[in-house]
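What follows is a single structure, written as structure tokens, with notes after it.
Each value in this text was obtained by applying a stated rule to the coordinates, not by laboratory testing. Since the model is a prediction, treat every value here as computed from it, not as a measurement. For neighbour counting, all protein chains shown are included, and Cβ atoms are generated from backbone atoms with ideal geometry for every residue, glycine included.
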Amino acid sequence: MVARLVVPIAIAGALILSLNLGVRQSFALFLDPITHANGWSQSTFALAIAVQNLLWGVFTPFAGGLADRFGVFKVLLIGGLTYAAGTVVMALASSEFTFVSGAGVLIGLGTGATGFPLVLAAVGKIVSDKNRPLILGIVTAGGSFGQIILPPLAQSLIQWTDWQSALYILAAVALLFLPLAVTLRLGTGEDAHAGPTQSLSSALREASKHSGFWLLNAGFFVCGFHVVYIGTYLPVYLTSCGLTPMIGATALSVIGVFNLIGTFGAGALGTRFRMKYLLSGIYVARAAAIAIFMAFPVTEASVLLFSAAFGLLWLSTVPLTSGIVSQVFGPRYVATLFGIVMMSHQIGAFFGAYLGGFIFDLTGSYDGAWGVSIALGLFSALVHLPIKDAVLRRATTPA
């Protein structure tokens, strides 16, 4: 029975992540039209995206706890409605407060309730320990379809209609969370590999005393900084270098295409090699890719090469990071524990979103933020090396 559920649940999970990632990734394309239409500075848009990422992170552990307690389906249902509502408010906002409330607060909460911890926990509970990194890599890779399709679609909609109509259409697309949540519901309650019985409070105490858990948090902070800084500012950075807005949309799409390869490859490699070493290698490669990109003139060719390289590294960290959490602590409370790690990711995302706009407003350049990104990549590569990734042994009775 469990084996037959893997394919439909994996497909539903991948599509949910496609919506979660794709709609949100498209928001970068609205920076110029929204700020120009309303007479706002880039810092206003940056603040909304920063609040979005921060609330996404803060709410994610609670969403994971609710999913572990009441089921993934109910949390996804509410999260999808909140996500769509926030996109509508984003389009209607005529004041900075309303804009931050929609783009920041509502979408942040909706994203936290429809993201990686819930989806990967639902899928991870019905696969074996050996195959879990591979299956999680496949699902994460499938989530890239939204990044491939939706940013170019959003840019086309902005050009064919206007930015407000484009946001209304994206809000309608976000409602597809609802039918997909029904399919993912098939896996709730299936916990064939849960192992020893353990309470949530015991799992949280156990993780809090494990140094590797906190090192994973530190490393994933950097991942959040990278992907949100680049996802938010790469398009506008390219236009500042004299390239067209469509090149920015194409760059995000190329990242999505190569993310398919990178996340699948990371998941497959995670079944053969120690995941912490793979993570260290990914962060070194990220720092190198950014440094090389900044060292040469920005052209269409260099943008496509950078996007392809960074796409390979984009979300390849997700199946490996969640895989280590599941490997060390078991799959029973992955939604909650990986939710905590995801919160660290989103704190990094907050700084990536806000500092990008702040540094630009302060200096008139994005160079400082690119430099910070390089330094953080090297830091993250180092902190993964000492992680203790052995499976924890515990008593078979409740704690």
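Taking 0.36 nm per residue of separation and subtracting the current Cα-Cα distance, fully stretching the chain between residue 36 and residue 69 would add 7.4 nm. Peptides 323-330, 63-70, 380-387 ordered by packing proxy, namely the average of other Cβ atoms within 10 Å per residue, highest first: 323-330, 63-70, 380-387. Just one of (1) 21.9, 64; (2) 19.8, 64; (3) 21.7, 80 is Rg and Dmax of the Cα atoms in Å as worked out from the coordinates here. Which one is it? The listed entry that was calculated here is (2). A simple spin-label model places the labels of residue 239 and residue 208 4.7 nm from each other, with each point 7 Å out along Cα-to-Cβ.
Put simply, the amide H of residue 388, placed in the peptide plane, has neighbours under 5 Å in 212, leaving out anything fewer than 5 places away on its chain.
Can you compute the label reach from residue 391? Point 7 Å from Cα along the Cβ direction, backbone N cut-off under 13 Å, restricted to the stretch 120-150. The answer is 128-132. Extending 7 Å from Cα along the Cβ direction at residue 62 and again at residue 365 yields two label points whose distance is 4.2 nm. Available extension along the chain between residue 11 and residue 305 is 102.9 nm, counting 0.36 nm per residue and deducting the alpha carbon span.
For the stretch 249-266 versus the stretch 360-384, the spacing of their alpha-carbon centroids is 22 Å.
Note on the chain: GNM, Cα springs under 10 Å; of 131, 38, 53, the largest mean-square fluctuation is that of 38. A straight Cα-to-Cα reach below 20 Å connects residue 276 with the lysines 130, 209, 388, residues fewer than 8 places away in its own chain not being considered. Each residue of the stretch 289-298 is assigned a 3J(HN,Hα), and the resulting list reads 4, 5, 4, 5, 4, 6, 7, 10, x, 7 Hz, derived from the Karplus form 6.51 cos²θ - 1.76 cosθ + 1.60 (θ = phi - 60°), x at Gly and Pro. Of the peptides 356-365, 95-104, 217-226, 118-127, the ranking by mean beta-carbon count within 10 Å, highest at the top, reads 118-127, 217-226, 95-104, 356-365.
Phi-derived couplings, Karplus 6.51 cos²θ - 1.76 cosθ + 1.60 at θ = phi - 60°, listed residue by residue for the stretch 334-349: 4, 4, 7, 5, 5, x, 5, 4, 5, 4, 4, 3, 7, 5, x, 5 Hz, with x used for Gly and Pro. Across the stretch 7-12, computed HN-Hα scalar couplings (Karplus, 6.51 cos²θ - 1.76 cosθ + 1.60, θ = phi - 60°) run 5, x, 6, 5, 5, 4 Hz from first to last residue, x flagging Gly and Pro.
Look at the alpha carbon pairs under 8 Å that are at least 6 residues apart: their mean separation over the length of the chain gives a relative contact order of 28 percent.
Ranked by the mean number of other Cβ atoms within 10 Å of their residues, highest first, the peptides 286-295, 147-156, 6-15 fall in the order 147-156, 6-15, 286-295.
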